[in-house]
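Undergrad: Sharing a structure, written as structure tokens. Questions coming.
Read-outs: derived from the displayed coordinates by stated rules, not from any lab. Model, not experiment: these values are computed from the prediction. FYI the Cβ positions are ideal-geometry reconstructions off the backbone, even for glycines, and counts take in every protein chain you see.
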Amino acid sequence: MELKHAPCLLLFVLALFGAACGFVGVNAWPDDHDNDREEAMDLPPQSALPGRFRARGDVPNTHDRGLPRGLVNMLPDTHLTFACERQDFFGDDHLALLAPLPRLRVVEVVDTPGLTPKGLTRLSEMPKLAGLTLLGAVSLSDAALEQIARAGHLEWLELGPCDNVSAGGVRKLAALKKLRTLVLYDARHLSAADVEALERERPQLQVFTRTR
């Protein structure tokens, strides 16, 4: 055999070896996911729920895209974000509309103060909820934080204003075992020593206090 054919033979042998061992080439991922199984999901219509939905994908070649309301198709590797900011209304009934959505992972409500602590009980019904932002969305109190602490899958939490929240109320959030980041705005009753005590109790948790 001529030497010039040796590289081709080597590549051929390596390819056979990789196939036999179950290795997948770097470029083996398809260019798109059009052939992946899609699931249909009903999103509340715009007239029923103010704000916007976005679908986010966590694998190569997926994208962040806005979703129309009604029946939509979603790939199995995507999740939902809902955001509502400076809307005329957003209250407990609207949070109840979000609770049944199985792909919902992030909820952001900003400067739309229509929620009540009682309505926050719906958060515990969202099994995939990993991120929550409530800024100017509800009158935050120790009772409200107790309800938020029941949303056991939260990893990121941003709350404000917290001027009516005590250090004891913030300690209730230690029940969120998956929580990694806690951002509190205007928490005037929370001292640096309180923050340090919470971080000692939960070493994987970072607590940030800010002014809005």
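Undergrad: Segment 108-212: which GluC sites (Glu not before Pro) are DSSP loop and have at most 16 other beta-carbon atoms within 10 angstrom?
TA: Loop-located and lightly packed - Glu155.
Undergrad: Under a Cβ-only charge scheme (Lys and Arg +1, Asp and Glu -1), can you give me the dipole magnitude of segment 30-210 about the Cα centre, in debye to the nearest 20?
TA: Roughly 440 debye for segment 30-210.
Undergrad: Here is a follow-up. Could you tell me which of Asn164, Leu154, Gln87 has its Cα farthest along the dipole of segment 70-181 towards the positive end, charges placed at Cβ (Lys, Arg +1; Asp, Glu -1), taken about the Cα centre?
TA: Of the candidates, Leu154 comes out farthest on the positive side.
Undergrad: Also, I was wondering about something else. Can you list residues from other chains, or at least 5 along the same chain, whose modelled amide H is less than 5 Å from the amide H of Ser166?
TA: Answer set, sorted by chain and number: Asp142.
Undergrad: Moving on to the next point. Scan around Gly114 for amide H atoms under 5 Å from its own, H built in the peptide plane at 1.01 Å from N, and keep only partners 5 or more places away or cross-chain.
TA: Residues meeting the criterion, in which the H sits 1.01 Å from N, are Phe90.
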